[in-house]
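The values are calculated or read from the model by the stated rules, or taken from the named source; none is laboratory data. Keep in mind that what you see is a predicted model, and the values were worked out from it rather than measured. No Cβ is skipped: glycine too gets one built from the backbone with ideal geometry, and neighbour counts run over all protein chains shown.
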Amino acid sequence: MVSLRLDDISAGYASRPVIAGVSTPELRGGQVVALLGANAAGKSTLFRRIFGLLSGGGQVRIDGAASARPVAYMPQDNGARPVLSVYESVLLARMQGRRLKVFDEDHAKVEEILSLLGVTHLRGRNLGDLSGGQRQMVGAAQALAQDPQILLLDEPTSALDLSHQIDLLSLLRRLADEQGLLVIVALHDLGHALRFADAAMVLHRGSLIACGPTAEVITPDLLREVFEVTARIEPCTKGHPQLIVDGRIDMSGPAVSAFAG
């Protein structure tokens with residue numbers, strides 16, 4: 001089974017360092033790992049460093065890979081040309097780094113992924129005509145069509161409505177369980193992390209300050225330090241952990257109620 005470990009990773013842009021000293025325990029196939037942190041904490045930079053789009057110090061160690069390209073990456077903006085159809089963009093993503101000739105199995109894989117994500121009805125539409133949420137679902141299809149063993153997803157639910165957020169995260173959970181994928185997904189909704197992720201990594205000001213089982217990482221103390229809120233984690237009526245935010249912390253005074261004024 002595939003595994004990933006980061007050893008003292010650093011990266012940045014030109015002379016501006018963004019992340020430094022990022023080390024993790026071994027992350028294994030079958031896990032969903034939530035990458036958490038405030039805006040500009042370095043989450044996208046870390047993904048780009050893992051995928052090889054950025055150079056930097058340290059080592060990205062991948063063991064147990066079954067192919068030369070085991071990692072697929074879905075950025076926040078997939079950069080696909082808007083003149084392409086959905087089908088063409090997913091097929092093109094599948095062929096990246098592979099043979100030039102397209103076989104029947106490649107077309108079958110694209111159809112399978114579009115169906116899996118519930119976007120078959122978009123197959124003939126141009127990317128430029130899609131909504132933000134539809135483009136995110138197509139971005140997920142482009143990543144999955146590459147048959148990755150490690151899947152990096154940078155805020156894949158940010159433009160999705162609630163039902164599609166649950167659909168996508170449930171699918172990622174199932175693919176990790178059934179196919180042994182290692183899924184690392186950047187999320188802003190910590191409730192989703194508590195619900196779907198086995199483990200959580202937290203970046204804060206370019207450093208990894210926590211990495212471990214989700215319920216042990218997302219604590220009131222961490223929420224106060226990283227997100228500047230007072231919050232509680234309590235079970236819902238079905239026993240699932242849920243996040244309740246009481247207010248934002250005014251660093252010069254007491255917490256400000258989220259429902260004030």
Open item on the list: Quick check on G21: is it assigned to a loop (DSSP other than H, G, I, E, B) and either touching a His at 6+ places or on another chain (Cβ under 6 Å) or surrounded by fewer than 18 Cβ atoms within 10 Å (Cβ to Cβ) (or both)?
Closed with: no
Task: Pairs, first assigned to a loop (DSSP other than H, G, I, E, B) in the stretch 170-195, second surrounded by fewer than 24 Cβ atoms within 10 Å (Cβ to Cβ), C-beta under 6 Å, six or more apart - done: G180/M1; G180/G29; G180/G30; L181/L175
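Kindly evaluate R48 against the criterion of being over 22 Å from T214 (Cα atoms), within 20 Å of the chain's Cα centre (by Cα) and assigned to a helix (DSSP H, G or I). Spell out how you get there, then give the answer.
Working: over 22 Å from T214 (Cα atoms): yes; within 20 Å of the chain's Cα centre (by Cα): yes; assigned to a helix (DSSP H, G or I): yes.
Judged against the criteria, R48 is a match.
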Open item on the list: Suppose we filter the stretch 56-70 for residues that are more than 11 Å from L182 (Cβ to Cβ) and either in a loop (DSSP other than H, G, I, E, B) or without any contact (Cβ under 8 Å) to a residue 24 or more places away in the chain (or both); how many remain?
Closed with: 7
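Do you know which residues across the stretch 24-44 are on the phi < 0 side of the Ramachandran plot and either in a loop (DSSP other than H, G, I, E, B) or among the hydroxyl-bearing types (S, T, Y) (or both)?
T24, P25, E26, G29, Q31, A38, N39, A41, S44
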Task: Flag if D104 is exposed (fewer than 12 other Cβ atoms within 10 Å of the Cβ), within 19 Å of G42 (Cα to Cα) and either modelled with pLDDT of 90 or more or within 21 Å of the chain's Cα centre (by Cα) (or both) - done: no
TODO: Output the residues belonging to the stretch 207-241 that are among the aliphatic types (A, V, I, L, M), under 25 Å from T45 (Cβ atoms) and either free of Cβ contacts under 8 Å to residues at least 40 places away in the same chain or out of contact with any Gly (no Cβ under 9 Å at 6 or more places or on another chain) (or both).
DONE: I209, A210, V217, I218, L222, L223, V229
Task: Residue among S207, S252, S163 that alone is surrounded by fewer than 16 Cβ atoms within 10 Å (Cβ to Cβ) and either among the basic types (K, R) or modelled with pLDDT under 95 (or both) - done: S252
Task: the stretch 221-244: number of residues that are over 15 Å from A193 (Cβ atoms) and assigned to a helix (DSSP H, G or I) - done: 3
TODO: Name, by its number, the condition in (1) out of contact with any Gly (no Cβ under 7 Å at 6 or more places or on another chain); (2) under 30 Å from L222 (Cα atoms); (3) not aliphatic (A, V, I, L, M) that does not hold for R98.
DONE: (2)
Open item on the list: Given the criterion of a type in the set (K, R) and touching a Phe, Trp or Tyr at 6+ places or on another chain (Cβ under 7 Å), identify the matching residue among R224, R232, R173, R205.
Closed with: R173
Task: Members of the stretch 45-59 that are surrounded by fewer than 17 Cβ atoms within 10 Å (Cβ to Cβ) and either in contact with a Gly (Cβ under 8 Å, 6 or more places away or on another chain) or hydroxyl-bearing (S, T, Y) (or both) - done: S55
Task: Complete set of residues in the stretch 71-92 that are under 24 Å from S115 (Cβ atoms) and either without any contact (Cβ under 8 Å) to a residue 40 or more places away in the chain or assigned to a helix (DSSP H, G or I) (or both) - done: V86, Y87, E88, S89, V90, L91, L92
Open item on the list: Condition (residue is of a type in the set (D, E), out of contact with any helix residue (DSSP H, G or I) (no Cβ under 7 Å at 6 or more places or on another chain) and in a helix (DSSP H, G or I)) applied to the stretch 149-168: is it met by at least one residue?
Closed with: yes
